[in-house]
Amino acid sequence: MTPATTPYRPGQRAERYGFLQLLHAEWTKFRTVRGWAFGMVAAALMVVLVALLAGTSSDQKGSPSVPIGPGGEPVTDSFYFMHRPLAGNGSITVSVSALRSSVPAGPADLRPGTVPWAKAGIIIKQSTRQGSPYAAIMVTGSHGVRMQDDYVNDTAGLPGPVSAASVRWLRLDRSDDTITGYASADGARWTKVGAVHVRGLGPTAQGGLFVASPPSVHGHGTRVSVSTAVFEDLRVQGHRVGGDWTGDQVGRMRPALHAEWTKIRTVAGPLWLLLGMIAVTVALSAGAVSVVTCTSAGCGGDMTKLSLIGVQLGQALVAILAVLVISGEYGSGLIRTTLTAMPHRATVLAAKAIVLAGVVTAAGTIAVLGSLLAGRLILPRHGFTTALGHPALSLTDGPTLRATAGSILYLILIALFSLGIAAIVRDSATGIGVILGLLYLPPLFSQVIGDPDWQRLLQQMSPMSAGLAVQTTADLRDLPLSPWAGLGVTAGWAAAALMAGGLLIRMRDA
Amino acid sequence: MSAPGIAVAGLRKRYGATPALDGMSFTVRPGVVTGFVGPNGAGKSTTMRVILGLDAVDEGTALIGGKPYHSLRRPLSHVGSLLDAAALHPGRSARDHLLWLAHSQGLAARRVDRVIEQVGLTSAARRRTGGYSLGMRQRLGIAAALLGDPPVIMLDEPFNGMDPDGIIWMRGFLRSLAAQGRAVLVSSHLMSEVQDTADHLVVAGRGKAIADAGVTDLIAAASRGRVALRTTAGTHAMRVLAHAGATAAATGHDTITVSGLPADRIVTLLGKSGVPFSEVSAHRATLEDVYLELTREAVEFRAAMPTEVSR
């Protein structure tokens, strides 16, 4: 049976339906989203990247930057600190009647346990900044009373664990740069544990009580421990006291860094971008040195600079990575989760900057050294030999070393510059567009501009032209800026962008 | 715990000329689920962002356990929140997402596996979240909120995109969190979702709390001693009841809502007059009724702008 109703037929009929219509639709989509024009530039670069990828893969392992101690060495500096500013000389005394620790025994299950190097005692420290100089006297989980200073020095005092039955009295005296630690079992008879010189405490240091509970490496991550101590009979003598007692966790940076490092290593994008950066940098450099030849003496030319030309392309991928590190989070709304977990926004931006600088240093070093190696291997085959006045490229040559180290620093600065810009504009496509514009447009303009004074000024101001002056090893007199001053200009751009980004991220609603 | 889980007082905020918050005040107590309801654009999400220190206010305070959010050390162990389940990097697995959050708080990786298990995502935890359904993302968001084992939980529209199984699971889960003594704040623009979950209700409209009371109180107030009557002889029944001094209104093709007379008097009257009826019961208002009555004034964008206008 045929139904009585006639099927609905649309009133309008398309004249044509084909590829042109599809093209029109896509063009409308494209032109109606602001910022996609910028994204196109990035897309073009990504195509180059994919084409050049050699299918290599590597497992990058590493750790984020750590605080640097007074001796210049990396240090661990994380503890809970109840402190107040203490001016001049004087002493702090306290008794400790308990130090208890808990370690994870199962999922979400902390059980009392022993942490041998759990610490509780008195500390005088230059400031609450991580890595600042200090001296401290403390009881420990199973190493008795210790006096420690500046992260590396350790002196043993009274042995044995602390308990209500065996209370430990601790005292720290300051006399200018000399800090003397004493311990006592009864608060009356004191034994000197040690006297140390601590440089840079300043006239007003932060003094007070601290508890530290070091984490232990466990399987895939670190295993946290929690320690608490019971302090009594706190006395501060002599010091001119300013300000109130404040409790602080020293080392807010560490969890923030750890989180940002976990973020960057758990997605595939950053690794691919960095591998791509290495590939395009080395490929362009190798290509550039392959097309030059020298047949007689006096060919001239700056072969170091030519060997490092790949940086001019590689920096684009570094910039894209840096922008995505923060604007990707704005795009998805993930930034709110980040700022909820870490409400100190400047710390978040700093942690991102440090992690980014770390990975770019690693990849940049490979890319730059790879480019230099390509030049060293290829150039002699094209006639650039010692006989014709071109010794093989070598890091023992001062200017070449400067150009190489400078190129790595340049890539790091471009990463920080891009991160700052991305923190300002927040949108990925716009951020990438702005960065690539700021990098590549001034050199184009300076070719168009006829006036030599303006041309020179543009070269001195532009982040790329100025910064890459650091690669020059021949005819330095012709440079608009000296090599290091040029890199300084790039650093200035990076600092300004990061500061503006940091300010805005703090001021704006997330 | 002396201070309430969440205490919000006199929040005011404008986006240009539009007031987003206009004196929002309420508290969220431990041990109960508090529903935070109101039409789109009433200021629910803005309030939550202010509580979490993400948005600044022009006036007012928002405290978690008596402290402003910025002063919390390891904030995720004070309050767990879910604002937007879609806020994820699609290329990162659920486990890795929770892992960086754990690292930001100095928590162990074991805690991550524990919360994944709690929300029932274990089998999918190592898959990229890009392939997750909205319901799975909601579960992941809940896991993130539970990561620090906080005494305060705050969820923005957690029922969105959940299938019926998921909604039933979520209700039970929220109640169990409250039963553990946590303060739980759950926002929704659908009353039916919070009706069986919340004990307490904050109704938001035009940037302020227009009701802040227990669910049973609100329903009792809206019911006002009315009686529901089911009869096939509606006109006759209404005439009889009106004659006896009651107010009767037809609410369906065979239902009438009567006020002004107790149920037993109605039965006697109808029996005497020979009006057939099949059911007489106390009228119980639904939260929908309460909500519609309370927000009638507050709905700014009825019909004309059906889309979400809150930022």
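The values are calculated or read from the model by the stated rules, or taken from the named source; none is laboratory data. What you are looking at is a predicted structure, and each value in this text was computed from that prediction instead of being measured. As a convention, Cβ positions derive from the backbone with ideal geometry for all residues, glycine included, and neighbour counts pool all protein chains shown.
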What are the residues in the range B:66-85 that are in contact with a helix residue (DSSP H, G or I) (Cβ under 6 Å, 6 or more places away or on another chain) and more than 7 Å from chain A (Cβ to nearest Cβ), if any? B:Gly80, B:Leu82, B:Ala85
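Go through the range A:474-510 and give me each residue that's part of a loop (DSSP other than H, G, I, E, B) and either in contact (Cβ under 8 Å) with a residue 40 or more places away in the chain or touching a Pro at 6+ places or on another chain (Cβ under 8 Å) (or both). Working first, answer last.
So the first thing to find is which residues in the range A:474-510 are part of a loop (DSSP other than H, G, I, E, B), and the list is A:474-475, A:479-482, A:508-510.
Within the range A:474-510, A:Ala474, A:Asp475, A:Ala510 qualify.
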Of these, B:Ala62, B:Ala125, B:Ala102, B:Ala86, which one is buried (at least 24 other Cβ atoms within 10 Å of the Cβ) and either over 15 Å from B:Val184 (Cα atoms) or modelled with pLDDT of 95 or more (or both)? B:Ala102
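Across the range B:100-111, what is the number of residues that are part of a helix (DSSP H, G or I), under 19 Å from A:Thr347 (Cβ atoms) and within 7 Å of chain A (Cβ to nearest Cβ)? Walk me through it before giving the result.
Kept after step one, since they are part of a helix (DSSP H, G or I), are these residues of the range B:100-111: B:100-104, B:109-111.
From what is left, the residues that are under 19 Å from A:Thr347 (Cβ atoms) are B:100-104.
Pick out the ones that are also within 7 Å of chain A (Cβ to nearest Cβ) and you get B:100-101, B:103-104.
Going through the range B:100-111 one residue at a time, the tally reaches 4.
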Taking the range B:74-99 as the region of interest, how many residues are more than 16 Å from A:Pro343 (Cβ to Cβ), touching a Gly at 6+ places or on another chain (Cβ under 9 Å) and assigned to a helix (DSSP H, G or I)? 1
Which one is modelled with the lowest pLDDT, of the residues in the range A:150-208 that are farther than 17 Å from A:Leu234 by Cβ and among the basic types (Lys, Arg)? A:Arg199
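Filter the range A:378-409 down to the residues that are of a type outside the set (A, V, I, L, M) and farther than 14 Å from A:Thr472 by Cβ and list them by number. It would help to see each step written out before you state the result.
First pass over the range A:378-409, keeping only residues of a type outside the set (A, V, I, L, M): A:380-386, A:389-391, A:394, A:396-400, A:402, A:404, A:406-407.
Selection gives A:Pro380, A:Arg381, A:His382, A:Gly383, A:Phe384, A:Thr385, A:Thr386, A:Gly389, A:His390, A:Pro391, A:Ser394, A:Thr396.
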Scan of the range B:152-174 for residues that are more than 15 Å from B:Phe36 (Cα to Cα) and either modelled with pLDDT of 95 or more or assigned to a helix (DSSP H, G or I) (or both), ordered by number: B:Pro164, B:Asp165, B:Gly166, B:Ile167, B:Ile168, B:Trp169, B:Met170, B:Gly172, B:Phe173
Scan the range A:477-493 and tell me whether some residue there is among the small types (Gly, Ala, Ser), more than 26 Å from A:Gly301 (Cα to Cα), surrounded by fewer than 23 Cβ atoms within 10 Å (Cβ to Cβ) and in the same structural domain as A:Ile366 (by TED's automatic domain parsing). yes
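Only one of A:Leu321, A:Leu313 is within 17 Å of the chain's Cα centre (by Cα), modelled with pLDDT of 90 or more and in the same structural domain as A:Thr473 (by TED's automatic domain parsing). Can you tell me which? Even if it seems obvious, please write down each step before you answer.
Details: A:Leu313 fails: within 17 Å of the chain's Cα centre (by Cα).
Residue meeting the stated conditions: A:Leu321.
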Does the range B:8-23 include one or more residues that are within 17 Å of the chain's Cα centre (by Cα), modelled with pLDDT of 90 or more and not in a helix (DSSP H, G or I)? yes
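Just checking, which of A:Thr365, A:Thr385, A:Thr347 is under 15 Å from A:Ala423 (Cβ atoms), surrounded by fewer than 19 Cβ atoms within 10 Å (Cβ to Cβ) and out of contact with any Ser or Thr (no Cβ under 6 Å at 6 or more places or on another chain)? Before you say what the answer is, go through the steps one by one.
Values: A:Thr365 fails: under 15 Å from A:Ala423 (Cβ atoms); A:Thr385 fails: under 15 Å from A:Ala423 (Cβ atoms).
So the residue among A:Thr365, A:Thr385, A:Thr347 that is under 15 Å from A:Ala423 (Cβ atoms), surrounded by fewer than 19 Cβ atoms within 10 Å (Cβ to Cβ) and out of contact with any Ser or Thr (no Cβ under 6 Å at 6 or more places or on another chain) is A:Thr347.
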Mind telling me which of the residues B:Leu52, B:Leu63 ends up being in contact (Cβ under 8 Å) with a residue 40 or more places away in the chain, touching a strand residue (DSSP E or B) at 6+ places or on another chain (Cβ under 9 Å), facing chain A (nearest Cβ under 9 Å) and under 18 Å from B:Pro4 (Cα atoms)? B:Leu52
Go over the candidates B:Arg127, B:Arg95 one by one and state the one that is within 10 Å of chain A (Cβ to nearest Cβ) and without any contact (Cβ under 8 Å) to a residue 40 or more places away in the chain. B:Arg95
